[in-house]
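Here's the structure we're looking at; comments come further down.
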Amino acid sequence: MGANNGKQYGSEGKGSSSISSDVSSSTDHTPTKAQKNVATSEDSDLSMRTLSTPSPALICPPALPGFQNGRGSSTSSSSITGETVAMVHSPPPTRLTHPLIRLASRPQKEQASIDRLPDHSMVQIFSFLPTNQLCRCARVCRRWYNLAWDPRLWRTIRLTGETINVDRALKVLTRRLCQDTPNVCLMLETVIVSGCRRLTDRGLYTIAQCCPELRRLEVSGCYNISNEAVFDVVSLCPNLEHLDVSGCSKVTCISLTREASIKLSPLHGKQISIRYLDMTDCFVLEDEGLHTIAAHCTQLTHLYLRRCVRLTDEGLRYLVIYCTSIKELSVSDCRFVSDFGLREIAKLESRLRYLSIAHCGRITDVGIRYVAKYCSKLRYLNARGCEGITDHGVEYLAKNCTKLKSLDIGKCPLVSDTGLESLALNCFNLKRLSLKSCESITGQGLQIVAANCFDLQMLNVQDCEASVEALRFVKRHCKRCVIEHTNPAFF
């Protein structure tokens with residue numbers, strides 16, 4: 001990207017020797033001592049100004065042979081270590097001139113097409129760039145530097161990569177963003193560092209200290225962070241609503257720090273404003289930890305506990321007592337959850353719209369009846385792998401949850417065409433249906449579904465006994481339906 005404005009790093013970052021050669025080629029006399037003192041003084045002023053200016057962070061890959069931070073003299077805070085780091089550099093310097101010194105006239109380069117765009121268009125383009133690319137743009141020229149640090153572009157920081165030194169990157173970025181408001185990044189609302197495995201508690205502490213207006217934090221897959229760091233974030237960022245710690249195996253709880261609980265009033269001291277919480281693959285989460293989460297995060301509406309294998313029905317009981325506003329809940333692969341747990345979940349009643357109980361082998365028709373009876377506004381149910389569910393459970397579900405739009409009962413061998421008939425005659429708004437590996441399903445059941453559920457958009461019948469004629473019937477009646485199958489004769 002060659003913005004020319006006459007202020008490229010390579011052309012502007014010349015030392016005093018280059019300026020001297022330009023001067024000598026354009027004049028016949030030697031500058032006086034006074035002139036030299038003025039130029040030296042101005043050089044000193046510029047160097048002091050450059051060093052005192054907070055600089056952006058460039059998230060760049062390992063240095064290649066012969067690569068020198070652009071082509072100019074930028075100040076680097078890293079060495080060639082074979083890792084991705086945050087490099088500190090100064091804004092493009094202004095050309096040194098003096099009234100008594102005339103530089104050689106140079107032919108102006110043709111202006112690049114992108115430089116003809118107005119500032120608001122450039123900012124709009126920059127808004128689509130990830131954080132590391134935005135920092136690269138800040139190195140092009142002074143105009144791009146100023147545009148790249150427009151506050152509107154820094155409501156979100158998004159960093160990805162397993163090798164990035166994310167702790168250091170966050171420190172440098174927040175320091176630059178705190179330039180106008182010392183020690184506080186008032187504009188920053190979202191930080192996404194998912195998959196950055198080198199993130200540690202130090203990086204989260206930086207976020208907690210500098211980002212009081214943070215509303216969304218995603219650190220999925222960052223398995224080096226601990227409970228203490230998460231406590232700091234939720235305690236110092238009172239507006240945090242969305243938290244994703246999936247895959248953070250050391251996180252066992254979400255709570256306030258002891259200091260925060262003491263400082264705040266008894267009425268508000270134990271409340272956290274989180275509404276969305278994803279703790280998928282937090283293997284060490286237990287019932288007691290879920291109890292603490294529920295007691296502190298009473299405003300939860302979306303909670304995902306996939307593969308939290310230590311949870312039992314007791315934990316779900318605590319959850320329903322405190323978090324009465326839950327709309328979406330996933331306990332997939334929680335093998336200790338049974339029909340008693342579904343009885344507790346059913347107490348959420350009509351507020352529950354999404355429920356995933358996939359591969360919970362202890363669930364039978366009894367639990368499904370509890371949910372169907374009290375959660376009449378359920379829209380999505382994933383019961384894949386619940387082998388205890390039969391046609392009776394599906395029939396009860398279809399008659400009570402008539403607004404169901406998505407149902408997955410794959411790998412439920414006891415569900416047959418009888419259950420599909422009840423589903424087709426009651427759930428006319430069904431859009432997605434998965435019957436994968438349902439051995440008792442035949443083409444007749446599929447035809448009944450297709451004849452009644454015209455809005456069907458996805459049908460999974462992989463590893464089912466579905467004839468070509470039945471599949472063609474479905475395609476003919478459900479025009480927009482995508483059929484996933486394993487019948488090589490149908491195409």
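The values are calculated or read from the model by the stated rules, or taken from the named source; none is laboratory data. Note that the coordinates shown come from a computational prediction; the quantities given were computed from them, not determined experimentally. With ideal geometry, Cβ positions are generated from the backbone for all residues, glycine too; neighbour counts draw on all protein chains shown. What goes into the accessible areas is simple: the full protein's heavy atoms, side chains included, and nothing from ligands, DNA or RNA. Shrake-Rupley method; radii C 1.70, N 1.55, O 1.52, S 1.80 Å.
Things worth noting here:
- Matching residues in the range 143-166 - criterion: being under 21 Å from Gly195 (Cα atoms) and either under 17 Å from the mean Cα position of the chain (by Cα) or surrounded by fewer than 18 Cβ atoms within 10 Å (Cβ to Cβ) (or both): Trp154, Arg155, Thr156, Ile157, Arg158, Leu159, Thr160, Gly161, Glu162, Thr163, Ile164, Val166
- Some residue of the range 216-233 being basic (Lys, Arg) and modelled with pLDDT under 95: no
- Members of the range 304-322 found to be open to solvent by less than 50 Å² (accessible area, probe 1.4 Å) and in contact with a Phe, Trp or Tyr (Cβ under 8 Å, 6 or more places away or on another chain), listed by number: Cys308, Val309, Leu311, Thr312, Asp313
- Flag for Asp391 being charged (D, E, K, R), out of contact with any strand residue (DSSP E or B) (no Cβ under 7 Å at 6 or more places or on another chain) and farther than 30 Å from Asp339 by Cα: no
- Within the range 423-463, restricting attention to residues that are open to solvent by 10 Å² or more (accessible area, probe 1.4 Å) and of a type in the set (Val, Ile, Thr), the residue that is nearest to Lys403 (Cα to Cα) is Ile448.
- Number of the exception - Arg306 against (1) at pLDDT 95 or above; (2) assigned to a loop (DSSP other than H, G, I, E, B); (3) more than 26 Å from the chain's Cα centre (by Cα); (4) of a type in the set (Lys, Arg): (3)
- Test: Phe340 is surrounded by fewer than 20 Cβ atoms within 10 Å (Cβ to Cβ), part of a loop (DSSP other than H, G, I, E, B) and on the phi < 0 side of the Ramachandran plot: no
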